[in-house]
Amino acid sequence: MKIPTRALLAAAALSASGACAAADDPSVGPPAKDWTLPLFTKEGFRQMTLRGDWVKPVSADQVDITGMQVTVFTGTADAKVDSVLLSPEATFMLNEKVARGDRAVRVIRDDVDVTGIGWMYLYNEKKVLIYHHAHVVFRAGLPDILK
């Protein structure tokens, strides 16, 4: 029997945050401090690590995170970091693999560093949308960019 990704992610998030609390929704656990949720590919390679200074499960599919750090890996045996996403506050939708926040965000890659306010991270599309005050610093050559 194949377990749906949503159920796996929710179970991992809940186990990472401790035992489930007796509440109206038994799938929602208590808040957790210094929380980490590693995610792996089917082949067992590191795909993503979601961290937070403080995490509060809202539902089986949603966690609110203070001090969020998302580290995205290449998903291959070399476990190379592709990018890092930092924000002081975020909401992460586990099923959709979408994070969003109204406050500051910083996206760090080998070739670029981007900051802004109000954002959405779409993991499946490998895309970050920044709504206000975007500032981009390229660390790679951009020959012929103005042609």
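Computed quantities for the displayed model
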item: Cβ-Cβ under 8 Å pairs, at least 6 apart or on other chains, the stretch 109-122 side closer than 12 Å to Asp82 by Cβ, far side of a type in the set (S, T, N, Q); result: Arg109/Ser83
item: Count of the stretch 10-63 residues which are closer than 25 Å to Pro88 by Cβ, hydrophobic (A, V, I, L, M, F, W, C) and at pLDDT below 75; result: 5
item: Within the stretch 121-131, tally of residues that are surrounded by fewer than 10 Cβ atoms within 10 Å (Cβ to Cβ) and charged (D, E, K, R); result: 1
item: Where a residue in the stretch 93-108 is closer than 14 Å to Thr66 by Cα and in contact (Cβ under 8 Å) with a residue 24 or more places away in the chain and its partner, wherever it lies, is surrounded by fewer than 21 Cβ atoms within 10 Å (Cβ to Cβ) and among the acidic types (Asp, Glu), with Cβ under 6 Å and at least six apart; result: Gly101/Glu89
item: Close pairs (6 angstrom Cβ cut-off, 6 or more residues apart or separate chains): at pLDDT 90 or above in the stretch 64-78, assigned to a strand (DSSP E or B) and among the hydroxyl-bearing types (Ser, Thr, Tyr) anywhere; result: Asp64/Thr91; Met68/Ser87; Thr71/Thr49; Val72/Ser83
item: Options Ala134, Ala90, Ala99, Ala79; residue that is in a loop (DSSP other than H, G, I, E, B), surrounded by 11 or more Cβ atoms within 10 Å (Cβ to Cβ) and out of contact with any Leu (no Cβ under 6 Å at 6 or more places or on another chain); result: Ala79
item: Residue satisfying all of: in the stretch 50-76; of a type outside the set (A, V, I, L, M, F, W, C) and outside any strand (DSSP E or B); farthest from the chain's Cα centre (by Cα) among these; result: Thr76
item: Hits in the stretch 102-127 (condition: at pLDDT 95 or above and within 11 Å of the chain's Cα centre (by Cα)); result: Met120
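The values are calculated or read from the model by the stated rules, or taken from the named source; none is laboratory data. Note that the coordinates shown come from a computational prediction; the quantities given were computed from them, not determined experimentally. Neighbour counts are summed over all protein chains in view; Cβ atoms, including those assigned to glycine, are modelled from backbone coordinates with ideal geometry.
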